[in-house]
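Below is one structure, written out as structure tokens; the observations come after it.
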Amino acid sequence: MHKIEAQIDVQINDKIKAKVVFESLKPEIKSPPSTRAKVGLEVLNNTLTITINANSISALRASINSYLRWISTILKCLDVIENIN
């Protein structure tokens, strides 16, 4: 089976929010829910870079969907908190 890799750069409008998203995703990197894909995560200024290596297209797609959904959820939570204050 071939290895498949994807790299996604997510621009976040605030450097602090980018760091919060990065820190929030670290537990998923340390204890991945599946061994079908390996994920790397970096943050530089306001850019979050996700690198996914998978053993199949379906595993790659599942990982991409999960990480993008988690990022979206974290950012929505941060917006709600910001609007409360």
Scan the chain for trypsin sites (Lys or Arg not before Pro) in coil per DSSP, keeping those whose Cβ has at most 16 other Cβ atoms within 10 Å, and list them by number. 3, 36
Summing -39500 (n - 2.57) over every DSSP H run of at least 4 in the chain, dividing by its residue total and rounding to the nearest 500, the 222 nm mean residue ellipticity is -18000 deg cm²/dmol
Considering only the chain, percent of DSSP beta bridges that pair antiparallel, nearest 5: 100 percent
Degrees between helix 57-84 axis and first principal axis of the chain (Cα, 0 to 90, nearest 10): 10 degrees
Cα axis of helix 15-30 to longest principal axis of the chain: angle in degrees, 0 to 90, nearest 10? 40 degrees
Anisotropy class of segment 4-84 from Cα gyration tensor, a/c 1.5 cut: prolate
Close lysine pairs (segment 4-84; alpha-carbon distance under 22 Å; 8 or more apart or on separate chains) counted at 11
The chain: relative contact order in percent, alpha carbon pairs under 8 Å with at least 6 residues between: 36 percent
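Values quoted throughout were computed directly from the atomic coordinates according to the rules given, and no laboratory measurement underlies them. Not measured: the values here are computed from a predicted model. Every residue, glycine among them, receives a Cβ derived from its backbone with ideal geometry; neighbour counts consider all protein chains shown.
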